[in-house]
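This report concerns only the one structure given below.
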Amino acid sequence: MYFWNIGKLKEDIRSDNLTEKERFFYALVHLSLGAIFLEMVGYSSLASDISNDADVLSSATYILTVIVGTILAFKANGANGGGDFLGRYFSIGFVMDVRFLAYAVPSIAVYVLFVGYMVDVVEVLVSYVGWALVFGG
């Protein structure tokens, strides 16, 4: 495991000397740190003084989901004996993200249309225009 020597790491990658477990560990640390830093940005904004326990719980849940999900995916791929973990992880992850968005965007739009109407007519009109721009209708 290299923490600073990028030259040696690149050499090991070129010569295919990294095991699946080592590749997994690099991915796990990279994704975990990314999740932690992403959550930290939310707390560093001006709105951080109004965050509450639910925000902290949400952040912790997100970070744990990234870590535990990546570990479980590695084990489901056969752990160190599995093949091409990173290729499978990111390829399947991309398709799952697209599927999620295909369901989430219309669901959120419908929610905003109906709940927004009860809250504020202007918000509904803005949401409807956004819906029309996104889906061309």
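Throughout, read-outs are computed from the coordinates displayed, never taken from laboratory work. Quick caveat: nothing in here was measured; it's all calculated off a predicted structure. Every residue, glycine among them, receives a Cβ derived from its backbone with ideal geometry; neighbour counts consider all protein chains shown.
Between Tyr62 and Asn80, residue separation times 0.36 nm minus the direct Cα-Cα distance comes to 3.9 nm. Model label points for Phe3 and His30, set 7 angstrom from Cα along the Cα-to-Cβ axis, are 1.9 nm apart.
Subtracting the Cα-Cα distance of Asn17 and Val110 from their residue separation scaled by 0.36 nm leaves 28.4 nm.
Listed by Cβ neighbour count within 10 Å, with the fewest neighbours leading, Asp55, Asp84, Asp16 appear as Asp16, Asp84, Asp55.
For the Cα trace of region 1-83, dividing Rg by the Kirkwood Rh returns an Rg/Rh value of 1.12.
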